[in-house]
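Working notes for the structure below.
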Amino acid sequence: MGNPFDLSGRVAIVTGANTGLGQALAVALAAAGADIAAVGRSDMSETQGLVEATGRRFLGIRADLSTIEPVQRVVDETLSGLGGLDILVNNAGIIRRADAVDFSEEDWDAVVDTNLKSVFFLCQAAGRHMLKQGSGKIINIASMLSFQGGIRVPSYTASKSGVAGLTKLLANEWAARGVNVNAIAPGYFATNNTAALQADEARNRSILERIPAGRWGQPDDLGGAAVFLASRAADYVHGHILAVDGGWLAR
């Protein structure tokens, strides 16, 4: 059987891979043996250096996933540049904060288009290839707000609840055809998206008091879950939302 977590010979797309969680996910998959097609709106040279340091190939794809316009191009460039597609990690996402009573249509559409609409259509584009080859692993990045309501982030909560539902629907349709669709729900991680919460002394304290592990997650805390779900070790795992949250949901 060999190492069931070995990703040698696999090709992975990771969106939002220029920094934070996406960068950590790309590096973890590369360390396990996968070649990486990193998708982002800005410079990814740092991610490229980290991936290539593992000995794996790196392909940078500039794309703005606020619309679905680049979705098919992302898949096509991966296939032509790296010769295959076995893993998709839908990590790219944005967040907008305001009281629900004041939340704008613009902020609603921006978040839902990026976090949910583009996720579905990238799953669809990658899924068409994976279904033809009879294998593939799709990992969507959900959230604690796939389970809870949160405050002052209505479009983010709606989008991440949608990601959880979409993950289950695709698993129902594709599990018998060799494609695994699962999700990771990160807890409170120290990233750009949570900078405002970390800077708010009262909110930061209340969050830490709720986390049994007693600390914010670091991006590389997420890598093991991604490698597991991308590997043969998870061949019988379908439609699951794996919380990596320091125990947040247990309290």
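Per-structure values
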{"read-out": "Members of region 2-38 that are touching a residue at least 12 places away in the same chain (Cβ under 8 Å), more than 19 Å from E77 (Cα to Cα) and either surrounded by fewer than 17 Cβ atoms within 10 Å (Cβ to Cβ) or among the basic types (K, R) (or both)", "value": "P4, F5, D6, S8"}
{"read-out": "Flag if L249 is outside any helix (DSSP H, G or I) and open to solvent by 20 Å² or more (accessible area, probe 1.4 Å)", "value": "no"}
{"read-out": "Odd one out for F228, checked against (1) more than 17 Å from S143 (Cα to Cα); (2) surrounded by fewer than 17 Cβ atoms within 10 Å (Cβ to Cβ); (3) touching a residue at least 40 places away in the same chain (Cβ under 8 Å)", "value": "(2)"}
{"read-out": "Any hit, region 200-214, residues being buried (at least 19 other Cβ atoms within 10 Å of the Cβ) and either more than 16 Å from the chain's Cα centre (by Cα) or not in a loop (DSSP other than H, G, I, E, B) (or both)", "value": "no"}
{"read-out": "Unique match (being farther than 13 Å from T15 by Cα, of a type outside the set (A, V, I, L, M) and open to solvent by 20 Å² or more (accessible area, probe 1.4 Å)) among R56, R41", "value": "R56"}
{"read-out": "Of all residues making up region 44-53, the number that are open to solvent by 60 Å² or more (accessible area, probe 1.4 Å) and either β-branched (V, I, T) or in contact with a Ser or Thr (Cβ under 9 Å, 6 or more places away or on another chain) (or both)", "value": "1"}
{"read-out": "Some residue of region 178-198 being under 16 Å from the mean Cα position of the chain (by Cα), in a helix (DSSP H, G or I) and among the aromatic types (F, W, Y)", "value": "no"}
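The values are calculated or read from the model by the stated rules, or taken from the named source; none is laboratory data. Computed from a prediction, not measured in an experiment: that's the story for all the values here. Note: ideal-geometry Cβ built from the backbone for every residue, glycine included; neighbour counts use all protein chains shown. Only protein heavy atoms, including side chains, enter the accessible area calculation; ligands, DNA and RNA are left aside. Shrake-Rupley method; radii C 1.70, N 1.55, O 1.52, S 1.80 Å.
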